Amino acid sequence: MSAALGWPALAQPANDPILCAPTEFSPEAQQRYAAHAQALACCLRGLYGGHPGFDDWLRGFVASLACLEQQRGEDLRTLDRQRALAPDWLARSSGVAYSCYVDRFATDLRALQGRIPYLRELGVGLLHLLPFLRMRDGANDGGFAVSDFAQVQPELGSVADLVALGAALRRDGISLMADIVLNHVADDHPWARAAAGGDAGKQGYFLTFTDPEELAALQSGLDEVFPEQAPGSFTWSQELGRWVWATFYGYQWDLDYRNPLVFGEMALAMVHLANLGVEVLRVDSAPYIWKRKGSDCRNQPEVHMILRAMRLVLDVVAPATALNAEAIVDCVDILGYFGSTPDAPECALAYHSGLMTSTWASLALGNARLLRQVVLATPALPAACSWLNYVRCHDDIVWSVLRSTTEALGQDFAELIGATVRVMHGQVEGGWSRGIASQRHRPLHGTSGMTADLVGLRAGDQASLDRYALLYGVMFALPGIPLIYMGDELGQGNALLPMDDPAADTRWLHRPVLDAVACAQRHVEGTLAQRVFGLLQWLGAARRAVLPSDAGIGLQQGLPEAVLGLRRGGSLVLLNFSPVGQQLVLPSGVWRLHQPWEPQPKRISDDLQLRGYGQAWLQPDEASGCSCTLSLVEPP
Ligand code: GLC
């Protein structure tokens with residue numbers, strides 16, 4: 001385990017006090033501690049063993065964990081026991097995920113309970129609430145500038161409301177996912193305030209600089225996340241008289257994970273959230289938490305040691321809780337977030353950003369080459385792990401994650417993504433997309449917009465509906481948990497934004513308030529809302545009915561470039577990325593054909609006419625007594 005990451009080998013003294021389970025743990029947790037203490041101590045010594053006072057710190061840390069473990073509620077302890085028997089609970093869940101801002105979806109946490117039936121209509125099994133913890137006053141990056149990890153933002157409710165919501169969701173079979181923003185805190189967080197006020201201890205929580213040359217050298221290796229809205233990765237603090245590392249906005253101060261106190265505080269914050277009923281922790285900006293001079297300060301080996309240690313902490317105190325990596329990095333770097341080896345797990349979930357971006361690019365380019373390459377390069381995951389397959393989220397579409405994929409195809413990134421964004425940003429003759437560049441002067445950086453605007457959705461325009469269906473079709477057809485981004489279930493378009501401010505954060509374009517009218521129309525025959533809502537329900541049903549849940553994935557050979565053929569078990573999903581219809585010869589056998597907006601499956605064999613942007617879900621028709629044969633390219 002450690003060799004792969006180059007961790008220092010640790011000789012453990014036989015009577016190491018850290019390895020003696022403190023009696024303050026409950027008997028069950030003591031057993032878990034006995035099972036995991038060695039690995040946890042190994043990770044933490046690897047990271048912090050050289051620190052003066054490390055042993056005392058570790059002893060204190062474990063005592064704090066024991067304290068939190070004592071506070072864990074009975075219902076969550078029951079969940080801990082159940083999930084110990086089914087460690088692959090998340091990967092095996094048949095529900096979909098749904099992501100929303102509390103206020104935009106339902107005003108506040110209490111009112112959100114009233115929306116549970118709506119979520120059930122969509123088959124939601126995992127609900128991601130975007131940040132709701134106490135956030136910075138004024139600009140706060142949609143709540144990602146956290147001022148207090150233990151409090152809820154007052155307008156959204158209280159800690160008691162959060163606990164009640166988590167329990168209500170659980171009763172309905174929905175797990176609550178929430179962010180743990182590990183990389184930074186708001187500049188008005190008590191740690192930042194104390195540091196600015198001269199507290200040397202708290203100054204050690206942040207990375208600060210005085211030497212402009214050192215700063216310039218560091219900056220030269222870094223990618224800016226918001227080059228136009230928040231240029232540079234450092235911010236000047238007048239009070240400190242120093243530069244502070246701030247990867248995102250200047251008011252989000254990066255934490256210094258070389259300091260064990262930072263690790264300890266954040267691990268406890270994480271366990272606290274788990275004790276409030278958060279079942280999946282979305283590890284926000286995971287790749288950035290460890291800095292190394294001379295590198296791009298992303299995906300460093302220590303990031304994985306920290307995530308591994310966090311996992312082990314949860315294994316002891318709140319084992320029912322899973323981690324979800326928000327690692328929007330090149331496809332080749334994402335895999336590490338599941339763990340360096342199957343016996344050293346980190347996160348059980350990760351956003352499949354390569355799948356998302358390549359699906360959009362394939363749609364824009366009218367052929368499935370990029371997407372096919374991503375599917376081929378996506379290996380099977382360990383049993384307890386799963387992808388989050390998403391079309392859109394609250395962030396922009398970040399194209400750089402496709403760099404290695406374009407290279408693998410022998411294509412020039414700038415050329416291919418340049419062609420993609422010209423379509424996505426509505427710059428081609430007769431184009432359909434109404435997206436905008438998230439950084440005006442760097443079009444290859446990212447794209448903002450709701451799915452509806454990005455596919456040019458218009459009532460009565462079947463091609464636009466088919467494009468919509470195609471994107472979500474990919475996410476439902478592949479192994480993983482399909483995620484619906486709030487508003488997409490209703491075909492909701494962009495929010496109205498005053499975009500004349502060049503420093504405006506374009507991501508607010510795709511963060512509208514749920515459209516109450518569309519919501520009411522979702523059952524009204526013939527409305528756009530009903531067609532889209534029905535589509536997502538149909539995809540959920542097709543996924544369950546047509547695809548064997550435990551089947552891996554293979555690519556069907558012999559199809560035109562425009563068509564992606566995904567095989568799961570004996571079933572086959574064909575998706576046409578071209579506006580032009582395709583005449584396909586089906587693999588031999590008799591098939592049951594399921595298609596969106598077609599009330600009944602049909603029996604077919606031999607030929608299939610797939611309209612432009614059309615899709616077909618095919619299941620061997622057992623009643624016919626013929627066997628269907630597929631010829632495949634298997635991913636690694
Ligand atoms: C993640 C969030 C994004 C936020 C950033 C900084 O990438 O998804 O919205 O701006 O982290 O916290």
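The values are calculated or read from the model by the stated rules, or taken from the named source; none is laboratory data. The structure displayed is predicted, hence computed values, not measured ones. Cβ placement follows ideal geometry from the backbone for every residue including glycine, while neighbour counts extend to all protein chains displayed. Accessible surface is based on the protein model in full, side chains and every heavy atom, while ligands, DNA and RNA are left aside. Shrake-Rupley method; radii C 1.70, N 1.55, O 1.52, S 1.80 Å.
Return the only residue of Ala3, Ala63 being modelled with pLDDT under 95 and open to solvent by 80 Å² or more (accessible area, probe 1.4 Å).
Numbers: Ala63 fails: open to solvent by 80 Å² or more (accessible area, probe 1.4 Å).
Every option except Ala3 fails the conditions.
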Among the residues of segment 211-223, is any crowded, with 21+ Cβ neighbours inside 10 Å and farther than 17 Å from Phe248 by Cα? no
What about Phe132, is it under 22 Å from the mean Cα position of the chain (by Cα), closer than 22 Å to Asp395 by Cβ and within 16 Å of the ligand (Cβ to nearest atom)? yes
When segment 455-476 is examined, which residues are found to be of a type in the set (Gly, Ala, Ser), surrounded by fewer than 19 Cβ atoms within 10 Å (Cβ to Cβ) and farther than 13 Å from Ala364 by Cα? Ala459, Gly460, Ala463
Those residues that are away from the ligand (no atom under 16 Å from the Cβ) and either assigned to a loop (DSSP other than H, G, I, E, B) or of a type in the set (A, V, I, L, M) (or both), I need them from segment 274-289; list them, please. Ala274, Leu276, Gly277, Val278, Glu279
Hey, does segment 395-413 have a residue that's in contact with a Phe, Trp or Tyr (Cβ under 8 Å, 6 or more places away or on another chain), open to solvent by 10 Å² or more (accessible area, probe 1.4 Å) and under 26 Å from Trp89 (Cα atoms)? no
Pairs only if they're at least six apart or on different chains, beta carbon under 9 angstrom, first in segment 174-197 and modelled with pLDDT of 95 or more, second in a helix (DSSP H, G or I) and of a type in the set (Asp, Glu); list them, first residue then second. Ala186/Asp141; Trp191/Glu265
What are the pairs with Cβ atoms under 8 angstrom where one residue, in segment 126-144, is closer than 25 Å to Gln113 by Cβ and the other, located anywhere, is more than 14 Å from the ligand (Cβ to nearest atom) and hydroxyl-bearing (Ser, Thr, Tyr)? Sequence gap at least six, or different chains. Leu126/Ser93; Leu126/Tyr98; Leu126/Ser175; Leu127/Tyr98; Leu127/Ser175; His128/Tyr98
So, first residue more than 16 Å from the ligand (Cβ to nearest atom) in segment 224-248, second residue at pLDDT 95 or above and in a loop (DSSP other than H, G, I, E, B), Cβ within less than 7 Å, six or more apart or across chains; the pairs are Arg242/Thr210
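Scan Asp179, Asp161, Asp199, Asp172 and give me the residue that is acidic (Asp, Glu), open to solvent by less than 30 Å² (accessible area, probe 1.4 Å) and more than 16 Å from the ligand (Cβ to nearest atom). Quick ask: steps written out before the conclusion?
Numbers: Asp179 fails: more than 16 Å from the ligand (Cβ to nearest atom); Asp199 fails: open to solvent by less than 30 Å² (accessible area, probe 1.4 Å); Asp172 fails: open to solvent by less than 30 Å² (accessible area, probe 1.4 Å).
After applying the criteria, what remains is Asp161.
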Assuming Ala503 fulfils every condition listed in (1) out of contact with any Phe, Trp or Tyr (no Cβ under 7 Å at 6 or more places or on another chain); (2) buried (at least 17 other Cβ atoms within 10 Å of the Cβ); (3) over 22 Å from Trp387 (Cα atoms); (4) of a type in the set (A, V, I, L, M) apart from one, which condition is it? (2)
Answer yes or no as to whether Pro260 is away from the ligand (no atom under 16 Å from the Cβ), surrounded by fewer than 17 Cβ atoms within 10 Å (Cβ to Cβ) and of a type outside the set (Val, Ile, Thr). no
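Pull up segment 372-401, narrow it to residues that are in a helix (DSSP H, G or I) and within 25 Å of Met486 (Cβ to Cβ), then point me to the one that is nearest to the ligand (Cβ to nearest atom).
First pass over segment 372-401, keeping only residues in a helix (DSSP H, G or I): 372-377, 399-401.
Next cut, within 25 Å of Met486 (Cβ to Cβ) only: 399, 401.
On the way: Trp399: 15, Val401: 12 Å.
That would be Val401.
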The correct count of residues that are in contact with a Phe, Trp or Tyr (Cβ under 8 Å, 6 or more places away or on another chain) and more than 15 Å from His272 (Cβ to Cβ) in segment 157-184 is 3
Report yes if Val283 is crowded, with 24+ Cβ neighbours inside 10 Å, more than 30 Å from Leu457 (Cα to Cα) and under 19 Å from the mean Cα position of the chain (by Cα), otherwise no. yes
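Report yes if Leu444 is closer than 25 Å to Gly565 by Cβ, modelled with pLDDT of 95 or more and not polar (S, T, N, Q), otherwise no. Reasoning before the result, please.
Details: closer than 25 Å to Gly565 by Cβ: no; modelled with pLDDT of 95 or more: yes; not polar (S, T, N, Q): yes.
Answer is no for this residue.
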Among (1) more than 30 Å from Arg92 (Cβ to Cβ); (2) within 16 Å of the ligand (Cβ to nearest atom); (3) not in a loop (DSSP other than H, G, I, E, B), there is one condition Ala194 misses while meeting the rest; what is its number? (2)
Sole miss for His128 among (1) outside any helix (DSSP H, G or I); (2) open to solvent by 10 Å² or more (accessible area, probe 1.4 Å); (3) touching a Ser or Thr at 6+ places or on another chain (Cβ under 8 Å); (4) of a type outside the set (Phe, Trp, Tyr) is condition (2)
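Do we have any residue at all in segment 312-324 that's open to solvent by less than 10 Å² (accessible area, probe 1.4 Å), assigned to a helix (DSSP H, G or I) and within 16 Å of the ligand (Cβ to nearest atom)?
To start, the set of residues in segment 312-324 that are open to solvent by less than 10 Å² (accessible area, probe 1.4 Å) comprises 312-314, 316-318, 320-324.
Pick out the ones that are also assigned to a helix (DSSP H, G or I) and you get 312-314, 316-317.
Narrowing the set further to residues that are within 16 Å of the ligand (Cβ to nearest atom) leaves none.
No.
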Give all pairs with beta carbons closer than 7 Å in which a residue from segment 604-631 that is on the phi > 0 side of the Ramachandran plot meets a residue that is modelled with pLDDT of 95 or more and not in a strand (DSSP E or B); count only pairs at least 6 apart in sequence or on separate chains. Tyr613/Ala463; Tyr613/Asp466; Tyr613/Arg467; Tyr613/Leu470; Tyr613/Pro579
State whether one or more residues within segment 336-358 are in a strand (DSSP E or B), more than 16 Å from the ligand (Cβ to nearest atom), touching a helix residue (DSSP H, G or I) at 6+ places or on another chain (Cβ under 7 Å) and open to solvent by less than 10 Å² (accessible area, probe 1.4 Å). no
Exactly one condition in (1) in contact with a Pro (Cβ under 8 Å, 6 or more places away or on another chain); (2) without any contact (Cβ under 8 Å) to a residue 12 or more places away in the chain is false for His523; which is it? (1)
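If I ask for residues that are outside any loop (DSSP other than H, G, I, E, B), within 26 Å of Arg77 (Cβ to Cβ) and of a type in the set (S, T, N, Q), which ones from segment 131-180 would you list?
The first filter runs over segment 131-180 and keeps only residues outside any loop (DSSP other than H, G, I, E, B), leaving 133-135, 141-143, 146-152, 154-156, 159-171, 175-180.
When the remaining residues are screened for being within 26 Å of Arg77 (Cβ to Cβ), the result is 133, 149-152, 159-171, 175-180.
Passing the criteria: Gln151, Ser175.
Listed here are the residues, each with its yes/no results for (1) among the aliphatic types (A, V, I, L, M); (2) at pLDDT 95 or above; (3) open to solvent by 30 Å² or more (accessible area, probe 1.4 Å); (4) in a helix (DSSP H, G or I).
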{"position": "Phe226", "(1), (2), (3), (4)": "no, no, no, no"}
{"position": "Ala230", "(1), (2), (3), (4)": "yes, no, no, no"}
{"position": "Trp236", "(1), (2), (3), (4)": "no, yes, yes, no"}
{"position": "Thr247", "(1), (2), (3), (4)": "no, yes, no, no"}
{"position": "Trp253", "(1), (2), (3), (4)": "no, yes, no, no"}
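Tell me yes or no: at least one residue of segment 477-484 is in a helix (DSSP H, G or I), buried (at least 24 other Cβ atoms within 10 Å of the Cβ) and either at pLDDT 95 or above or among the aliphatic types (A, V, I, L, M) (or both). Quick ask: steps written out before the conclusion?
Of the residues in segment 477-484, the ones in a helix (DSSP H, G or I) are 477.
If we keep only those that are buried (at least 24 other Cβ atoms within 10 Å of the Cβ) as well, we get 477.
Those left that are additionally either at pLDDT 95 or above or among the aliphatic types (A, V, I, L, M) (or both): 477.
So far as segment 477-484 goes, yes, one or more of its residues are in a helix (DSSP H, G or I), buried (at least 24 other Cβ atoms within 10 Å of the Cβ) and either at pLDDT 95 or above or among the aliphatic types (A, V, I, L, M) (or both).
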